[in-house]
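Novice: Before anything else, here's the structure in question.
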C-alpha cells in the first residue's frame, strides 16, 4: 500500500542551459512533516515552484495521491488541496485579522475575493474564522489591522488563512525566516500543532526548527538529492557535513542560523 501523498519521479528544471533541479525523486509520507533543506542555491525554492506549478518542469513527473498532476495548472493544484504559504508574509495589510481569514474561507466556498458581499452574508463565516484564529493564538486580535501585527504574528495569520483553505498538503516556505527566538518557538509549536491532521512540506534554514519537528529530511545540493532520513541520520552523514562545511550536528545547526 502506498502511504505517500506526494511523489516526484526524476523531476528536473533547466533554465537556459543551467540545471536548477536534476532528477529529484521525492516521496512525502501522508501525515508527516517533511523538511527540504540545503545550502543556498541548492534548488529548494525551485522545487517548491515546480510542485505548486509556478514553474513547469523540463522533465519528470509529479504525483499527488497517486494521480499524475504534472500538467495540472496552479489554480487546480490549489483546489485539489495543495496550498502554499510564501517566504514573505502574504496577508492583506489594510484588512482586519478576522477579514483576512474570512477571505480564505470564501475561497473554499467558491466565492473567493467577493469584497462586495454584504457583511450579513459574510458574518456566517465568522464562527469558523474565529475558531481558526483561536487555533493559532490570534483570536484576541481579531479586530486588529493585519498591518499592525508584529512580524511573527503576521506569519501566524498567514498560516491561519492557509488553514482556512482546508489544505491536505501545506507547503511552507521559510516559515520562521527573520524571526526572533520567541516567535520562532511560537511558530514552530504552531506548525507541530496544525500538522495533527494534515501533511506539511517545508523549506527551512533554521536547523533547530527542523530537528524539533521534521519526521523526514531531504537534503538538496546543486539541484539533486544528497541525502534523506531522520535528523539524527542526516546530521551524521559525511556528505551532508561536507555540503554544510561543518561537523555533524554542530555543523548543521550552525549552517544557516
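What follows draws every value from the coordinates through simple rules; no lab data is involved. Predicted model, so just to flag it, every value in this text is computed and none were measured. Here the Cβ positions follow ideal geometry from the backbone for every residue, glycine too, while neighbour counts run over all protein chains shown.
Novice: With angles folded into 0 to 90 degrees, how steeply does helix 181-194 sit against the dominant principal axis of the chain? Use alpha carbons for both and round to 10.
Specialist: Approximately 80 degrees, to the nearest 10.
Novice: Expressed as a rounded percentage, what relative contact order does the chain have, with Cα pairs under 8 Å and six or more residues apart?
Specialist: Normalised by residue count, the contact order of the chain is 25 percent.
Novice: When only Cα pairs under 8 Å and 6 or more residues apart are kept, what is the percent relative contact order across the range 39-99?
Specialist: That works out to 23 percent.
Novice: Once you sort the root eigenvalues of the Cα gyration tensor of the range 4-66 as a ≥ b ≥ c, which label holds: rounded (a/c under 1.5), prolate (a/b larger than b/c) or oblate (the other case)?
Specialist: Oblate is the answer for the range 4-66, as a/c is 1.5 or above yet b/c matches or exceeds a/b.
Novice: Could I ask something else about it? Calculate the radius of gyration of the Cα atoms of the chain to one decimal place, then report Dmax, the largest Cα-Cα distance, as a whole number, both in Å.
Specialist: Cα-based Rg and Dmax for the chain come out at 18.7, 61 Å.
Novice: Compute the acute angle (0 to 90°) between the alpha-carbon long axis of helix 97-109 and the principal axis of greatest extent of the alpha-carbon atoms of the chain; round to the nearest 10°.
Specialist: 80
Novice: Within the range 127-147, what residues put their amide N at less than 12 Å from the label point 7 Å along the Cα-to-Cβ vector of residue 92?
Specialist: Answer for this model: 146.
Novice: Let me ask something else. In degrees between 0 and 90, to the nearest 10, how far off the longest principal axis of the chain does helix 151-164 point, with axes built from Cα atoms?
Specialist: 80
Novice: With each run of n ≥ 4 DSSP H residues scored as -39500 (n - 2.57), what mean residue ellipticity at 222 nm is computed for the chain after dividing by its residue count and rounding to the nearest 500 deg cm²/dmol?
Specialist: Rounded to the nearest 500, the figure is -10500 deg cm²/dmol.
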